[in-house]
1. Can you pull out the GluC sites (Glu not before Pro) in the range 56-100 that DSSP calls coil and that have at most 11 other Cβ atoms within 10 Å?
2. Per residue, how many Å² of accessible area does the chain show with a 1.4 Å probe?
3. Can you pull the three principal axis extents for the Cα set of the chain, in Å, largest first?
4. Can you compute the modelled spin-label distance between Lys38 and Ser57, with each label point 7 Å from Cα toward Cβ, in nm?
5. Report the local net charge at Cys63: Lys and Arg +1, Asp and Glu -1, summed over other residues whose C-beta lies under 12 Å from its C-beta.
6. Calculate the length of the line joining the C-alpha centroid of the range 55-94 to that of the range 2-39, in whole Å.
7. Rank these by accessible area, largest first, 1.4 Å probe: Ile66, Ile93.
8. Out of the total accessible area of the range 1-53 (probe 1.4 Å, heavy atoms of protein only), what percent is carbon and sulfur?
Amino acid sequence: MRERVYLFDVDGTLTHPLDEVDDIFADIFLSWREDKNKKVYLVTGSDIEKITKQLFSSFIDQCEGIFTCSGNVFYSKGKMVYENELTLPDGFIDDLELYL
């Protein structure tokens, strides 16, 4: 069977915004996840600290990785793999202020 990749938003999809995951839903999700042909990634605009408060470690451990901060930081197996830093070109702020 072919491997499938699934991306899940956290707030508003797996949990209510900024709430912990519901135990019943977590059991259903973890049972669904038992199929080893699935790769699951989490995606969120939040930082890793908020995610670890919302999802317990066994839930997170079942995922291949977590894209936090709108995909600018990626964690896998509990370690940061990469972090993009915003670098604005010279004069960018001045250009934006022209529109204000």
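The values are calculated or read from the model by the stated rules, or taken from the named source; none is laboratory data. Bear in mind the structure is a predicted one, so any value in this text is a computation, not a measurement. Note that each Cβ is placed from the backbone with ideal geometry, even for glycine, and that neighbours are counted across all protein chains shown. Heads up: the accessible areas ignore ligands, DNA and RNA and are worked out on the full protein's heavy atoms, side chains in. Shrake-Rupley method; radii C 1.70, N 1.55, O 1.52, S 1.80 Å.
1. Sparse-neighbourhood loop GluC sites (Glu not before Pro): Glu85.
2. On a per-residue basis, the chain sits at 73 Å².
3. Rounded to whole Å, the extents work out to 53, 30, 22 Å.
4. Here the answer is 2.3 nm between the modelled labels.
5. +2
6. Cα centres, the range 55-94 to the range 2-39: 19 Å.
7. Per-residue accessible area, sorted high to low, gives Ile93, Ile66.
8. C and S atoms contribute 51 percent here.
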